[in-house]
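Remarks on the structure that follows.
The values are calculated or read from the model by the stated rules, or taken from the named source; none is laboratory data. Here the structure is a predicted model, which is why all the values come from computation and not from measurement. Heads up, the Cβs are rebuilt from the backbone with ideal geometry, glycines too, and the neighbour counts pull from every protein chain shown.
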Amino acid sequence: MLDIRRISSSRWWHKKKSWIFFGIFLFLVFVRISKGSLYKDFFYFISRPFWPGQFQKEVILKSIDQESLIKLNLLKKDNIRLREILSLQQSSNKDNISAVVISRKTGGWWRQIILNKGSKDGVEIGSTVTGPGGLLGRVNNTSLFTSSVTLLTSPESKLGVWVDRSQINGLLVGLGDDQPSLILYSKDADIKVGDFVSSSPASSLLPPNIPIGIIQSIDETLQSKKTAKVLLLAQPQLIDWVQILQVNF
């Protein structure tokens, strides 16, 4: 009787042992098939209390901000250096001249404004003029006490500009109405309604990155080029004060 119990107990143990090994085998197969995802999830939960806290997060974010600031300063220095090499214009805020608009000719052919600052104040022909919103135009004439500004809307105005999203250069031409025309000498030029337009980094007439306007409509009917209407950000008919940018060559 005792031998029968021993045999029965031994069989039960061997069966249990077989199931244990079979279970371990299935677990290893599952880990293999899931590529360790179960282990990773398990590690996720047990390591969670030891994750970096808010203090470390703030340190990291501060480091990222400092890195971005350093990169920005380096880019500014590179931009100044390259513009000096290429003899392109630069501007400095400390040398800007504030002026009042004393006369407007914003309708018809002329499209210009007259300012109360002239050659005695250091205003030079070719100086860039900006107002709230961005670029207005360039000084085309000076007297001792006043200066005349050719607006971007004037048919006399032709400036190199930059489409920020697609990183391409174009030519902004005044037509005598409220919206100058952007000309791109490529039928395949990548522009869209809503694209932001600024002064070109390659322009020899203007400092770079001055806001100009937003593309409002596109004409693709021409075969050799693409044109677009630009809604200007600075409205000369509404502006009373402007900034004349002193330029350095």
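Only residues that are under 11 Å from Asn169 (Cβ atoms) and modelled with pLDDT under 85 were counted in the stretch 187-211, giving 3. Among the conditions (1) surrounded by 15 or more Cβ atoms within 10 Å (Cβ to Cβ); (2) of a type outside the set (Asp, Glu); (3) under 23 Å from the mean Cα position of the chain (by Cα); (4) part of a strand (DSSP E or B), the only one that Ser203 does not satisfy is (4).
The set of residues from the stretch 175-187 being in a loop (DSSP other than H, G, I, E, B) and not hydrophobic (A, V, I, L, M, F, W, C) comprises Gly176, Asp177, Asp178, Gln179, Pro180, Tyr185, Ser186, Lys187. Being closer than 30 Å to Gly122 by Cβ and in contact (Cβ under 8 Å) with a residue 40 or more places away in the chain: is that true of Ala228 here? So Ala228 fails the test. Quick check: is even one residue across the stretch 161-174 touching an Asp or Glu at 6+ places or on another chain (Cβ under 9 Å), modelled with pLDDT of 90 or more, of a type outside the set (Phe, Trp, Tyr) and within 18 Å of Ile244 (Cα to Cα)? No, the conditions are met nowhere in the stretch 161-174. Gly176 falls short on exactly one of the conditions (1) buried (at least 21 other Cβ atoms within 10 Å of the Cβ); (2) more than 15 Å from Ile212 (Cβ to Cβ); (3) in contact with a Pro (Cβ under 8 Å, 6 or more places away or on another chain), and that condition is (1).
For the stretch 116-174, a residue qualifies if it is under 23 Å from the mean Cα position of the chain (by Cα), of a type in the set (Gly, Ala, Ser) and in a strand (DSSP E or B), and the qualifying residues are Gly131, Gly134, Gly137, Gly160, Gly170. Thr227 falls short of the stated requirement of being over 15 Å from the mean Cα position of the chain (by Cα), modelled with pLDDT of 90 or more, closer than 18 Å to Arg111 by Cα and not small (Gly, Ala, Ser). Search the stretch 101-125 for residues being among the hydroxyl-bearing types (Ser, Thr, Tyr) and surrounded by 13 or more Cβ atoms within 10 Å (Cβ to Cβ), and hand back the single one that is farthest from Trp241 (Cα to Cα). In this case the residue turns out to be Ser119.
Table: residues versus (1) crowded, with 20+ Cβ neighbours inside 10 Å; (2) more than 26 Å from Ala99 (Cα to Cα); (3) of a type in the set (Lys, Arg); (4) outside the structural domain of Thr128 (by TED's automatic domain parsing).
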position	(1), (2), (3), (4)
Thr153	yes, no, no, no
Gly160	no, no, no, no
Asp164	no, yes, no, no
Ser186	no, yes, no, no
Val193	no, yes, no, no
Ala228	yes, yes, no, no
Ala234	yes, no, no, no
Ile239	no, no, no, no
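Could you please let me know if Ile212 is crowded, with 20+ Cβ neighbours inside 10 Å, part of a loop (DSSP other than H, G, I, E, B) and within 22 Å of the chain's Cα centre (by Cα)? Against the criterion (crowded, with 20+ Cβ neighbours inside 10 Å, part of a loop (DSSP other than H, G, I, E, B) and within 22 Å of the chain's Cα centre (by Cα)), Ile212 does not qualify.
Filter the stretch 72-115 for residues that are part of a helix (DSSP H, G or I) and either farther than 17 Å from Pro201 by Cα or at pLDDT 90 or above (or both) and give the result. Let's see the steps before the verdict.
Keep residues of the stretch 72-115 that are part of a helix (DSSP H, G or I), which gives 72-85, 93-95.
Matches in the stretch 72-115: Asn93, Lys94, Asp95.
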